[in-house]
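Undergrad: Mind having a look at this structure? Questions to follow.
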Amino acid sequence: MNATSAEATPATTPTPGRIVLLTTSHRVAPGLLSWPAWQALRAADRVLCADGTHPQLPYLREAGIAVDEASPAAQELVDACAGGRTVVVVATGEGEPALTDGLARLAGTGRVDMPELELLPASYDLPGARLLDLVQVMDRIRAECPWSSRQTHKGLAKYGIEEAYELVEAIEEGDRDELREELGDVLLQVVFHARIAEEDLEAPFSIDDVAGGIVAKLIHRHPHVFGEETATTPEEVKEHWLRTKAVEKQRTSVTEGIPLGQPGLALAAKLASRARTANLDIPLPPVEGIGYDLLALAVRAESEGVDPEAALRAAARAYRDAIRETEG
C-alpha cells in the first residue's frame, strides 16, 4: 500500500461505550423491575453490583442475568466500556456516590473519551411509600430502644393528646413547616400504638389492620364516591355519612360514641350538634351558674357554625398578647 492510499483511509475512533446506573427502590418487591430495566440488563455486555447481598441479585440470576460482584473505580469502569461495550451497574442503596463522583472528575479533565452515562430507575416509589420506612424504623426502635420497648398504650396516651393539640396550634398559626412536622408526630403515635398492639397475646393487630379498617370505613361511608349514591352538596355528604354510621354502630342514643374526656366546650358543642342533627329540640337545663352559662354559649356557637374551642383559643391568644404588651 502506498502512502497516498494510506492517507486516504481515516483512522477508526474507538467507541467509548455506555454505562447504565440502575437504581431500584427497596420499597418495591425485588424482581419487579420496569421493562426498560430488563431490556438494559439483557442487552448489557456486563452487569456489576458492589453488594453481594443486594435483594435484586437472586431475581436477576434466576432470570438468567449474570451479575459480577465487583466495585470498580471510575477509570476501570470506563476501560470496561471500551469498544462500545455496555456495562450496567446495579446501584446499592446509597446510589454509588463514589463512582458517580469519580466519573464526574474524569469527565471534567477533558482528557478522557467518556462513555455515555445513563441513570435508569428500575422501580419507582408509589405515593405513600415512605410510610413503609416509618413502619420499619418503628419496628427497630420498639425492639432496640430501652425507652420505646417498655411503652404501653396507657403510657403513650398523654402524648397523643399533646401532639393533637400541637397540630391544632400549627393549623391555627398557619405555619406550614410546623404543620408538616406536627402531622408527622401525630402519625408517629398511630404507628407506635399499632406496633405495640402487635404484641398483645389475646387480640393482636397491626398497622395493616388499622389501615385496612379505615379504608373499609371510608369506602362504606362514601357511597356517593364508591357506590351508586349521589351527593352534590356537603350537606348531602354528611347525610350519607350519618346514615351509614348509624347502620354500622346500631346505637340507641345520639350521645353514644361522644368521648366525655374531651375539653368541656368541645363536649358541649358535640352534644348540641348530635341533638340538632337528630332534630331533637332539647331545652337547656334551667340552672344558673358559670358552667350552665358556658353550656349555653357553646350550644349557641355550634348553632351558628362556630367552633367554641377555637373561638376561645383565639380570644385567649389575644389576651396573652395583651398581657405581654402590658409587661413591656
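The values are calculated or read from the model by the stated rules, or taken from the named source; none is laboratory data. Everything numeric in this text was worked out from a predicted model, so none of it was measured. Methodologically, a virtual Cβ is constructed for each residue, glycine included, from the backbone with ideal geometry; neighbour enumeration extends over all protein chains shown. Ligands, DNA and RNA are stripped out before the accessible areas are found, and what is left, the full protein with its side chains, is counted by its heavy atoms. Shrake-Rupley method; radii C 1.70, N 1.55, O 1.52, S 1.80 Å.
Undergrad: Can you give me the relative contact order of region 193-328 as a percent, contacts being Cα pairs under 8 Å and 6 or more apart?
TA: 14 percent
Undergrad: Can you pull the one-decimal nm distance between simple spin-label points at K158 and I141, each 7 Å off the Cα toward Cβ?
TA: Each label point is offset 7 Å from its Cα along the Cβ direction, giving 1.9 nm.
Undergrad: Next question, about the same structure. From the protein chains alone at 1.4 Å, what is the descending order of accessible area for R150, R46, R142, R300, largest first?
TA: Working: R150 170, R46 90, R142 20, R300 135 Å².
The residues order as R150, R300, R46, R142, largest area first.
Undergrad: Using only the Cα atoms of region 34-156, each taken as one equal point scatterer with no solvent, compute I(q) by the Debye sum, divide by I(0), and report log10 of the ratio at q = 0.11, 0.19 Å⁻¹.
TA: -0.54, -1.10
Undergrad: By how many nm would the segment from E166 to A216 lengthen if fully extended, with 0.36 nm per residue of separation less the alpha-carbon distance?
TA: Working: separation 50, 0.36 × 50 = 18.00 nm, distance 2.87 nm.
That pair, E166 and A216, stretches by 15.1 nm at full extension.
Undergrad: Let me ask something else about it. As a test of the formula, what do you get for the chain when each DSSP H run with n ≥ 4 contributes -39,500 (n - 2.57) and the sum is divided by the residue count, at 222 nm and rounded to the nearest 500 deg cm²/dmol?
TA: Value at 222 nm, helices only, nearest 500: -17500 deg cm²/dmol.
Undergrad: On a full-extension model of 0.36 nm per residue, what is the gain between A63 and A310, subtracting their alpha-carbon distance, rounded to one decimal in nm?
TA: Numbers: separation 247, 0.36 × 247 = 88.92 nm, distance 6.04 nm.
Roughly 82.9 nm would be gained on extension.
Undergrad: Would you kindly state how much longer the chain becomes between R180 and R251 on full extension, computed as 0.36 nm times their sequence separation minus their alpha carbon distance, in nm to one decimal? If you can, show how the numbers build up before the last one.
TA: Working: separation 71, 0.36 × 71 = 25.56 nm, distance 3.63 nm.
This chain segment gains 21.9 nm when fully extended.
Undergrad: Using only the C-alpha atoms of the chain, find the volume of their convex hull and express it per residue in Å³. Write out the running numbers ahead of the final one.
TA: Working: hull volume 104.4 nm³, N = 328.
Output value, Cα hull per residue: 318 Å³.
Undergrad: What is the ratio of the Cα radius of gyration of region 286-328 to 2.2 N^0.38 Å, where N is its residue count, to two decimals? It would help to have the intermediate numbers written out before the result.
TA: On the way: Rg = 13.8 Å, N = 43, 2.2 N^0.38 = 9.2 Å.
Its radius of gyration relative to the 2.2 N^0.38 Å reference: 1.50.
Undergrad: Sort largest first and round to whole Å: the equivalent ellipsoid semi-axes of region 208-327, each the square root of five times a Cα gyration tensor eigenvalue.
TA: Numbers: eigenvalues 227, 81, 42 Å².
After diagonalising the Cα gyration tensor, the semi-axes are 34, 20, 15 Å.
Undergrad: If we restrict to alpha carbons, what Rg and Dmax does region 131-231 come to, in Å?
TA: 16.5, 52
Undergrad: Using a 1.4 Å probe on the protein heavy atoms, what percent of the accessible area of the chain belongs to carbon and sulfur? Walk me through the numbers before you get to the answer.
TA: Details: 12520 of 21820 Å².
It is 57 percent, rounded to a whole number.
Undergrad: Based on DSSP loop calls and a cut-off of at most 16 other Cβ atoms within 10 Å, the longest stretch of the chain free of exposed GluC sites (Glu not before Pro) is what? Numbers along the way, then the final one.
TA: On the way: sites that count: E94, E198, E199, E202, E228, E229, E256, E288, E304.
That gives 95-197 as the longest site-free run.
Undergrad: Going down the list K217/K238; K158/K249; K217/K249, which pairs span over 18 Å between their C-alpha atoms? Before the final figure, lay out the partial values.
TA: Numbers: K217/K238 14 Å; K158/K249 27 Å; K217/K249 12 Å.
Going by Cα-Cα distance, K158/K249 fall outside the 18 Å limit.
Undergrad: In square angstrom, what is the accessible area per residue of region 107-249 with a 1.4 angstrom probe?
TA: Accessible area per residue: 71 Å².
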